[in-house]
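Novice: Structure below; questions to follow.
The values are calculated or read from the model by the stated rules, or taken from the named source; none is laboratory data. The model shown is predicted, which means the values in this text are computed figures rather than measured ones. Neighbour counts are summed over all protein chains in view; Cβ atoms, including those assigned to glycine, are modelled from backbone coordinates with ideal geometry.
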Amino acid sequence: MGQLIRGLDDAALRDRVAQATASYFLDWSHPASGMARERSAGSFGYDVAETVCTGGTGFGLLAQIVAAERGWRSRREILDRVERIVNFLETADRFDGVFPHFLDGATGRVLPFMAGDDGGDLVETAFLMTGLLGAAGYFIEAPEIGARIEALFEAVNWAAHLRADGAVMWHRHPARDWAPGALPIRGWNECLPVFVLGAGSDSHPLPAASYHDSWATAPAFHNGQTYGDTRLPLGPDWGGPLFLSQYPFLGIDPRGLRDAHADYWQQARAHALVNRHHCLANPQGWAGYGPNCWGLTASDDPGGYVAHSPTEDTGTITPTAALGSMPFVPDEAMPVLRHLHDDLGDRLWGEAGFVDAFCPAHDWVAESRLAIDQAPIVIGLENLRSGLIWDVVSARPQIRRGLARLGFTAPYLTPSV
């Protein structure tokens, strides 16, 4: 899959890119645990080969469902990996059922994400649970694995991260009080699944008030400004990095999804269009930007790791930004996909798809690929093609209960949920 084949039609090119990108998880997952490695290269103070990530594993499970559905690998091979992951997670470090950001892929012991962050990470756990629940819903031939996944979900004590003032906290270690500067989860950002899954839990739920009175009251929640010709319903000025509106809707179906605050299909589409508008305006004059080369989101960068956005623009383009937006803005994203592959592929393309990022202004190309950036490409392209991942994940009762309890409406929700 690493060989460039230029001139494919659009559908064939999307298929080729999705299949190659999925190999990050199919061929480079940790051999003992089956979990996704955080990254393929780079020096960030941890062992790249042994450090696995919980959120990236959740995303990777959804990408591997695509591989099974498309026949890139057998269902049996992917199901075996799901079982290996479940085996690993059942004995790995948890904190009131909440998994940490990083684990040692061989031992299951927590690895600190940063100094003091060696406890439960509720956001990464929500991403992991989204992927696990999707796998349980897809592999219906293995109900025993599905039951074990549901047990992992029901063991998550979402309420343990609830502070006395009603805020839901990102990190927590049961042996310590809230750290000074502890981060409450407030919107708009990538953390919406925390509230949906937390509200959907029947064992340790988050109260709906945590969504309505904390998440949705943050200063950066409502936006309502117009950028170019696009009104942005939610989020910070200029929308922030594109992952803020991509990660929530890798599994949760935004088609027709609404609540009192927004139409979430419109939110995801508007965010991508605003991001593109900035890149085309290119106020800083960065080399390479244009209709076929746009997309700012968090990724590696010549200066380290940066949450790229219109207000934090270093000239670095991240392929997952436009490609993960493909379901929402296919006409605007397809020229980027073709340009990256056909025109820049000699530098950007390899055995596991595109590199994480590149900066034409500094003649820099990342050596790395990251789990959380590779998976949205595969998932986004499949959701454009068939809606498969949206259909599988949003059929799960935990998702439907959570959305309904928070007051969302969607064509796939019924009053009886």
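Novice: When both residues are 6+ apart or on different chains and their Cβ atoms are under 8 Å apart, which pairs have a first residue that lies in the range 373-398 and is on the phi > 0 side of the Ramachandran plot, and a second that is surrounded by fewer than 24 Cβ atoms within 10 Å (Cβ to Cβ)?
Specialist: Partner pairs satisfying both residue conditions: GLY387/ARG255.
Novice: One residue is enough: does the range 368-391 have a residue meeting the conditions aliphatic (A, V, I, L, M), modelled with pLDDT of 95 or more and not in a helix (DSSP H, G or I)?
Specialist: yes
Novice: Then there is this: Pairs under 7 Å by beta carbon, first residue assigned to a loop (DSSP other than H, G, I, E, B) in the range 106-134, partner of a type in the set (Val, Ile, Thr), six or more apart or different chains?
Specialist: GLY108/THR91; ASP118/VAL110
Novice: Return the pairs, sorted by first residue and then second, in which the second residue is of a type in the set (S, T, N, Q) and in a helix (DSSP H, G or I), the first residue lies in the range 355-368 and is farther than 14 Å from CYS293 by Cα, the beta carbons are less than 9 Å apart, and the residues are 6+ apart or on different chains.
Specialist: Qualifying pairs under 9 Å: ASP356/THR320; ASP356/GLN374.
Novice: State whether one or more residues within the range 256-270 are under 22 Å from the mean Cα position of the chain (by Cα), among the basic types (Lys, Arg), closer than 26 Å to MET129 by Cβ and part of a strand (DSSP E or B).
Specialist: Yes, that holds for at least one residue.
Novice: Being within 17 Å of THR316 (Cβ to Cβ), surrounded by 18 or more Cβ atoms within 10 Å (Cβ to Cβ) and not charged (D, E, K, R) is the filter here, so list the residues in the range 271-285 that pass it.
Specialist: If the condition is that a residue be within 17 Å of THR316 (Cβ to Cβ), surrounded by 18 or more Cβ atoms within 10 Å (Cβ to Cβ) and not charged (D, E, K, R), then ASN275, HIS278, CYS279 are the ones that fit.
Novice: Identify all residues within the range 338-364 that are in contact with an Asp or Glu (Cβ under 8 Å, 6 or more places away or on another chain) and hydrophobic (A, V, I, L, M, F, W, C); write none if there are none.
Specialist: Across the range 338-364, the qualifying residues are ALA352, VAL355, ALA357, CYS359.
Novice: Still on this model: Name the single residue, out of those in the range 234-258 being in contact with a strand residue (DSSP E or B) (Cβ under 7 Å, 6 or more places away or on another chain) and not small (Gly, Ala, Ser), that is surrounded by the fewest Cβ atoms within 10 Å (Cβ to Cβ).
Specialist: In this case the residue turns out to be ARG258.
Novice: Tell me, yes or no, whether the range 45-65 has at least one residue that is in contact with a Phe, Trp or Tyr (Cβ under 8 Å, 6 or more places away or on another chain), β-branched (Val, Ile, Thr) and farther than 28 Å from PRO302 by Cα.
Specialist: Within the range 45-65, one or more residues are in contact with a Phe, Trp or Tyr (Cβ under 8 Å, 6 or more places away or on another chain), β-branched (Val, Ile, Thr) and farther than 28 Å from PRO302 by Cα.
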